[in-house]
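Colleague: Pasting a structure here, questions to come.
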């Protein structure tokens, strides 16, 4: 992992003048990128900057309109993923490309099978190679385990094994740490450094500045489809990179001000809930969120956060314990009852829950209040009232749209989320439940939504914020609860919480225990 | 991280409203082109089958003879037109049944069964009240027909909501059960004693009144009223909004405080009621008695009607009229040209086939700005989990 | 005075007596009718194999019913067309094979593959709604076969005949206790005998071969499969068209093995019952075959009860029930099983969802 910036070696990968246009937008505009052998090269840019498009071009999933790709100095045309893999290019996608119901071995073999004869697989030989490969990079893995039962960190390793099994020379990782704890991140970094030392070239895509500074040998920053700068980690800092990435000086941390919490609003007592397969997922959560504070819940994805949120907002029936709102018992109440009692909920997946994409924006803005006055009289709807209030909301929440009658699907991600926020925030609330409210948004939209949340808190609303992105929880929360294996294992003060401390709690639950549902976890390197 | 979305158009930029002719063409182009193409294919099939079937002299003009007879049978006389309308009415009810289900993401293939059970309900009450005052008998028998269909729609709706049994399989199975149920009752308790063949008594005073010509029963007035009512229900009421929400995104509907399971049951029940009304229209409006082989092609024609209408309640009227004309004219076609009435089934299937393939068709014919054949009406997203979601 | 009436008298509870009578009836009747049950199961099992192959790759095919019907018609009509050119055929000893019969079988399979290719094109390439595409195939098949059948059967021509059954050595079939199993499996025509081989072959193929692994991946997470270089569209096409082979065999069975004629809508919902068998068999070939056997038993019982009702009290109760209700039994059973099983049976995750290539988006 030595810095060989001055080396004259031909780049393992060079992308020259890549331009890719989509209808109405230039996703990549003359991008140049050079990755040397044995180098970890970070590609930094915010959501929507064009990083993914560039990597799709490299992986043969998109054909560039202009520009060329060179491998070891030789121009090549990459016709598709199979071609890319054959040339030694492999990608670890942000959303893992693993089939949960297949085993580790089956996932690794898929597409590049080890055959016993022309028809049937040679499972024994495949197992041997997988186990051996894992050992070489420092972990024991059972090839017969179903991938769906592994923790996120282990799934990440399977993804990397998949690439190594195919003799990858160039490994592209798209936001690999988004869902990992700081400790898991460290472990993956260890693996990556080892790979680089063995001569693999690594492209590391991220929008997290401190990570990029830690792992990269060189950093290329792109914004709105263009390369806006190239930096060496020892010659730059977070402020410089942030300004490059966003195009203006940005405040890296939100100024959330002082909180003035009042009496408790949301109280959970021994709450229990099961997941879709009927397994206990929330195992006795006690929690209190007070008026005028933001309570953040940190945790590795899959530790019961989804079920907890759903049990609170009425989408899932609790199997035990009690939920009370402002002193009144609301256990098992329906989403509508809770909504009317002053609970608002911004779901993690706005496409699946928050919006009906094939409906007009105006209908989406009344999705939770369509049956009330003034939007309906009896069972008859009042389109004029719906339209009138939609126009007001579009203006107040700065939703960029040609009109209120276009379908929600035509809006950009940030504007879709603004529509959800407009609908949920625009009334007096007791409790606001936010599940990953800024996932996949650009910096401008994130700032806007964070400001709105803080305004709600200052107006005396109790806010419960759940996010798999530890950074967001740390940034926004007045108090932080760490969730592990269906329980809140610790509650910390938001101003003093230490990132590593929280990360360790997320990974181990504070006890010397293995991560849930994973195979025997190796010792955490120090 | 996704590909950047296209920049939204600046606020206030409103596209000029296209002229009426342009908009009409955008909606009608595909159905019209598809129908014409299907008639051409039908002509080819007639010619080909002439060659295959031996013992007949080859007549290159047979398709013209056949289609002329078809037209004459459907529109050749005032009686023919009334008969076309009488064929159209149950197709409107059945088409609305399927279209309403589509809007909620449900594929009701069981209109055939709901049609039969509806007719069964109408005949049971109609025979019992055959001598009662006409208004009472008509209303009671019609209500019984609607209830019968509603019951046959409720069952698959309930099973889907409670256990997840997919409505496509369960409604088809219920079609077969309905056939057997009807046969058992008509040759058993409902049979006229001493009648040589299984047949019920006449419904007498419960028969629907004739309002046009000799055969035009009141169903031809009720059908368009029903279509407008369904449109109003879907697009102007909160219940319709809930139904459409569940169809477009069950998860979002649940999040919004709606109750998808209750809505699935209610939708299937309402859809079944419309299917039952179709059977009632044929029984109380046309046959007045029931034989053990009672049944028409209305059930499956209804699916074609709803698809051709793209689930639009008002479009159902037009689509039902098209298929009603084909059915009404088919008899004369068989007599004059010797073409089996089953040709109408073939035409119907070809129309649907071209409709589904209309993206290709539009490319071939370079028709821009024309709406696709089957798009928003598709229930595919609701069927995401295959047949056992 | 037999065992069951004795039980009746002992307990004085008629229900228990009836249960014993029913059990006795089933034990007596099922082994005796096992070859017939196997024949009832054959089209269901073959159609279910078609369903398993399609759905494992992510394509719902409710057009199996229509595909079978078209294949049944083809097998018969091809026989009618070519029979005159072969004079009086000389059937072989094994299965009574004649040249026209073999051609009829091949034609049926080819037609079914063609129809499946149409379904693949509509639902994979055009991304039409898969249920609608399948429904259109059903309507088209019923319409076209009905139309042609009306035209042709006016002269009521003879087809190519039917396959003969293999006769296993009586030393095997007369074995005590297990003899009837041999009779069930071996005393059959060629299509029926091949079912067991095909089921086992498909099971191995799906869970042990490269194609099977890719099929399962494509049906669960097509994007993941594409990122490792698998052509999702091609895998789906192949599976759907291969599935057509089985639907074709199922159809041919109806018109040239079980009978030697074609009747309008002779599939009678078997294609749909097969879909329920797929779900009940949890999308595995062997599981669906088991489900098909169960459905077949009820189909056979529905007929048997009308022909040879059980004796005693049970028989007199059954005689008072309209026979049509026994005919409805398999369909009711399908609904009941579907409702009971579905919740615990998880379909392939991408089942029924069209796939859009990432590159194209």
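Colleague: When Rg is the radius of gyration of the Cα atoms in the range C:218-272 and Rh is its Kirkwood radius, what does Rg/Rh come to?
Modeller: 1.24
Colleague: Turning to a different aspect of this structure: For a distance above 36 Å, tell me the whole-number percent of Cα pairs in chain C that qualify.
Modeller: 28
Colleague: Within the protein assembly as shown, what percent of beta bridges assigned by DSSP are antiparallel, to the nearest 5?
Modeller: Counting only bridges with both partners in the protein assembly as shown, antiparallel ones make up about 60 percent.
Colleague: Packing-wise, with mean Cβ within 10 Å as the measure, how do B:259-267, B:280-288, A:147-155, A:370-378 rank, highest first?
Modeller: The most tightly packed comes first, giving B:280-288, B:259-267, A:147-155, A:370-378.
Colleague: Quick one: grab the alpha carbon gyration tensor of the range A:354-442, order the square roots of its eigenvalues as a ≥ b ≥ c, and give me rounded if a/c is under 1.5, else prolate or oblate depending on whether a/b is larger than b/c.
Modeller: Oblate is the answer for the range A:354-442, as a/c is 1.5 or above yet b/c matches or exceeds a/b.
Colleague: Taking every residue in B:175-187, how many Cβ atoms of other protein chains lie within 10 Å of its Cβ, on average?
Modeller: Taking the mean over all residues of the peptide, I get 5.
Colleague: Right, another one. For peptide A:16-26, how many partner chain Cβ atoms fall within 10 Å of a residue's Cβ, on average?
Modeller: Neighbouring Cβ atoms belonging to other protein chains average 2 per residue here.
Colleague: How would B:169, A:145 line up from fewest to most surrounding beta-carbon atoms within 10 angstrom?
Modeller: Ordered by Cβ neighbours within 10 Å, fewest first: A:145, B:169.
Colleague: For the range A:176-327, build the convex hull from the C-alpha positions and give me its volume per residue in Å³.
Modeller: Cα-based convex hull of the range A:176-327, divided per residue, equals 179 Å³.
Colleague: Restricting to Cα pairs below 8 Å that are 6+ residues apart, what does the relative contact order work out to for the range B:49-126? Please round to a whole percent.
Modeller: With pairs under 8 Å counted, the relative contact order is 11 percent.
Colleague: Return the ratio Rg/(2.2 N^0.38 Å) for the range B:252-363, where Rg is computed over Cα atoms only.
Modeller: 1.35
Colleague: D for the range B:327-368, whole µm²/s, Stokes-Einstein with Kirkwood Rh over alpha-carbon pairs at 4 °C and 1.567 mPa s: what number?
Modeller: My calculation gives 109 µm²/s for D.
Colleague: Calculate for the protein assembly as shown the 222 nm mean residue ellipticity that helices alone would give, adding -39,500 (n - 2.57) per DSSP H run of length 4 or more and normalising by residue count, nearest 500 deg cm²/dmol.
Modeller: So the helix-based figure for the protein assembly as shown works out to -17000 deg cm²/dmol.
Colleague: OK, next. To two decimal places, what compactness ratio does the range A:1-146 give when its Cα radius of gyration is scaled by 2.2 N^0.38 Å?
Modeller: 1.26
Colleague: Please give the average number of partner chain Cβ atoms lying within 10 Å of the Cβ of each residue in A:105-113, rounded to a whole number.
Modeller: 5
Colleague: Moving to a separate point now. How much of the calculated P(r) for chain B lies past 41 Å, in percent of all Cα pairs?
Modeller: Counting pairs separated by more than 41 Å, the tail of P(r) holds 18 percent.
Colleague: Another question about this same structure. Can you tell me which of B:347-360, C:91-104 comes out highest on packing, and rank the rest after it, using the mean Cβ neighbours within 10 Å?
Modeller: In decreasing order of mean packing, B:347-360, C:91-104 become B:347-360, C:91-104.
Colleague: On to the next question. When ranked by the protection proxy of mean other Cβ atoms within 10 Å per residue, highest first, what sequence do the peptides C:241-253, A:474-486 form?
Modeller: So the peptides C:241-253, A:474-486, ranked by packing, come out C:241-253, A:474-486.
Colleague: Please list the radius of gyration and Dmax for the range A:291-359, considering alpha-carbon atoms only, with Å as the unit.
Modeller: 13.3, 39
Colleague: Right, another one. Rounded, prolate or oblate: pick one for the range B:68-210, where a ≥ b ≥ c are the square roots of the eigenvalues of its C-alpha gyration tensor, a/c under 1.5 means rounded, and failing that, prolate if a/b is larger than b/c, else oblate.
Modeller: oblate
Colleague: Mind pulling up the Rg/Rh value for the range C:168-272? Radius of gyration and Kirkwood radius, both on Cα.
Modeller: My calculation puts Rg/Rh at 1.12.
Colleague: State log₁₀ I(q)/I(0) for the range A:198-254 at q = 0.15, 0.22, 0.23 Å⁻¹ as given by the Debye formula over alpha-carbon point scatterers of equal weight, solvent excluded.
Modeller: For the requested q values the scattering log ratios are -0.43, -0.87, -0.95.
Colleague: Measure nothing but the geometry: give the 0 to 90° angle between the long axis through the Cα atoms of A:152-165 and the longest principal axis through the Cα atoms of chain A, rounded to 10°.
Modeller: 20
Colleague: How large is the translational diffusion coefficient of the range B:136-282 in µm² per second when you combine the Kirkwood radius over alpha carbon pairs with Stokes-Einstein at 25 °C and 0.890 mPa s?
Modeller: The estimated diffusion coefficient comes to 140 µm²/s.
Colleague: If you take the C-alpha gyration tensor of the protein assembly as shown, multiply each eigenvalue by 5 and take the square root, what semi-axes do you get, largest first, in whole Å?
Modeller: Calculated on Cα positions only, the semi-axes equal 57, 38, 33 Å.
Colleague: To test your reading of the geometry: what angle, between 0 and 90 degrees and rounded to tens, separates the Cα axis of helix C:14-32 from the longest principal axis of chain C?
Modeller: That works out to roughly 60 degrees.
Colleague: Can you give me the relative contact order of chain C as a percent, contacts being Cα pairs under 8 Å and 6 or more apart?
Modeller: 32
Colleague: Give the share of C-alpha pairs in each 10 angstrom bin for the range A:40-115, from 0 to the last occupied bin, in whole percents, shortest bins first.
Modeller: Cα pair-distance distribution for the range A:40-115, in percent: 15, 41, 32, 11, 0.
Colleague: By its C-alpha gyration tensor, with a ≥ b ≥ c as the square roots of the eigenvalues, how is the range C:21-137 shaped: rounded for a/c under 1.5, else prolate for a/b larger than b/c, else oblate?
Modeller: Here the range C:21-137 falls in the oblate category.
Colleague: Shifting gears a bit: So how do A:207, C:119, A:351 line up by other beta-carbon neighbours within 10 Å, fewest first?
Modeller: Starting with the residue having the fewest Cβ neighbours, the order is A:351, A:207, C:119.
Colleague: Using only Cα atoms, find the angle between the long axis of helix C:99-120 and the longest principal axis of chain C, and express it within 0 to 90 degrees, rounded to the nearest 10.
Modeller: On a 0 to 90 degree scale, this one is about 60.
Colleague: Translational D (Stokes-Einstein, µm²/s) of chain A at 20 °C and 1.002 mPa s when Rh comes from the Kirkwood sum over C-alpha pairs?
Modeller: Estimated via Stokes-Einstein, D reaches 86 µm²/s.
Colleague: Can you tell me the relative contact order of chain A? Whole percent, Cα pairs under 8 Å, sequence separation 6 or more.
Modeller: Relative contact order comes out at 16 percent.
Here, each number is a calculation from the coordinates, and none is a lab measurement. This structure is a prediction, so every number in the text was calculated from the model and none was measured. Please note: Cβ atoms are built from the backbone with ideal geometry, for glycine as well, and neighbour counts cover all protein chains shown.
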